[in-house]
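Q: Supplied in structure tokens, the structure appears directly below.
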Amino acid sequence: MGTLTEHYKSFGAVPAEGKNPWTGEGWTNLIYACHDELVPLDLDYIIVQIKEKFGGLRYYFSSKSGTDIWNKLNEVTRKYENLSFKTCEFCGEPGESSNGNHGWIKTTCLTCSVKHA
Ligand SMILES: [Zn+2]
């Protein structure tokens with residue numbers, strides 16, 4: 001079973017295993033849990049990009065295992081992308097997405113929304 005960084009074929013530096021340089025630390029568990037569900041479905045799936053967009057996690061992947069497998073992988077990434085909209089990106093506590101003071105949509109808990117306002 002490959003580690004997340006072994007599946008990460010994006011451009012730029014490959015992060016150390018267990019690290020999350022792509023989003024706030026609050027989503028680190030979501031990202032690694034997502035990866036752990038994807039690997040058994042496709043041992044050779046590739047992470048293209050992981051990032052935050054419009055307050056939600058984006059987990060882009062590619063697969064050469066055909067449409068059926070792709071759809072299963074997509075279901076898993078969708079599930080975690082949906083979870084990210086209920087998870088504070090800063091601390092991992094339950095949160096909700098809202099427009100911040102700067103017009104950015106961020107998903108945060110109440111404490112972090114004050115701290116990072
Ligand atoms: Zn928080």
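Nothing in this text is a laboratory measurement; each read-out follows from the coordinates by a stated rule. Here the structure is a predicted model, which means the values were calculated and not measured.
Q: Can you compute 3J(HN,Hα) from phi for each residue in the stretch 79-91, using the Karplus curve 6.51 cos²θ - 1.76 cosθ + 1.60 with θ = phi - 60°, rounded to whole Hz and x for Gly and Pro?
A: For the stretch 79-91, the Karplus curve yields 4, 6, 5, 5, 4, 5, 6, 10, 10, 4, 5, 8, 10 Hz.
Q: Turning to a different aspect of this structure: What fraction of the Cα pairs in the stretch 1-54, stated in percent, has a spacing above 12 angstrom?
A: Of the Cα pairs, 64 percent sit more than 12 Å apart.
Q: Take every Cα pair under 8 Å in the stretch 4-115 that's 6+ residues apart, average their separations, divide by the length, and report that relative contact order as a whole percent.
A: Across the stretch 4-115, relative contact order equals 24 percent.
Q: Name the long-range amide H neighbours of TYR8: under 5 Å, sequence gap of 5 or more, or other chain; modelled H, no Pro or chain starts.
A: Counting only residues 5 or more places away or on other chains, the set is ILE47.
Q: I've got another one for you. Out of THR87, THR67, THR23, any idea which swings most in a Gaussian network model of the chain, alpha carbons joined below 10 Å?
A: Answer for the Gaussian network model of the chain: THR67.
Q: Kindly provide the helix-only [θ] at 222 nm of the chain, computed as the sum of -39,500 (n - 2.57) over DSSP H runs of four or more divided by all residues, to the nearest 500 deg cm²/dmol?
A: Counting only the DSSP helices, I get -9500 deg cm²/dmol.
Q: Just the number, please: Stokes-Einstein D of the chain in µm²/s, Kirkwood Rh from C-alpha pairs, 4 °C, 1.567 mPa s.
A: Answer from the Stokes-Einstein relation: 88 µm²/s.
Q: Which whole-Hz ³J(HN,Hα) couplings does the stretch 21-33 yield from phi under the Karplus relation 6.51 cos²θ - 1.76 cosθ + 1.60, θ = phi - 60°, glycine and proline marked x?
A: Karplus values, whole Hz, x for Gly and Pro: x, 9, 9, x, 4, x, 9, 4, 4, 4, 4, 6, 5.
Q: Okay, next question. For the stretch 40-89, just the Cα set please: Rg and Dmax, both in angstrom.
A: 11.5, 34
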